[in-house]
1. Place a point 7 Å from the Cα of ASN60 along the Cα-to-Cβ direction; which residues of segment 84-100 have their backbone N under 14 Å from it?
2. In nm, to one decimal, how far is the modelled label at SER51 from the one at SER82, with both set 7 Å along Cα→Cβ?
Amino acid sequence: MLVLRLFIIAALSLSVQAWSSSSTRAQFLQHIAAATATVALPAYAKEVDPSVKGTKKDPNYEKCLSVCMYDCTKPKGSEQKSRQECLPECKQKCAKTKAQLMLGTPKE
């Protein structure tokens, strides 16, 4: 992200240097628009691998389970649940398939 910002700043400074005092405001804005339009933004989200979709290795399931376990094991007043108590509750909440509810990995 820092590299992207530095690239944009460099492109804008080159555009500003190219802009002369005899140019109009519209020409300046066209220079700036052209400089920023050439910057390609990276794609952060990647598609989930179909072979892990619906399994225990599904990133959405793992993220949901992680957040649920964190919230469940946080102390609430004087009461705090253990991970063993929270796991069945969180599995029920996050599981979308039968394989995600099972113990271990199902045999195929």
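1. Residues 94-98, 100 fall inside that zone.
2. 3.7 nm
FYI, it's all coordinate maths here, none of it is from the lab. Computed from a prediction, not measured in an experiment: that's the story for all the values here. Note that we place each Cβ from the backbone using ideal geometry, even for glycine, and neighbour counts take in every protein chain shown.
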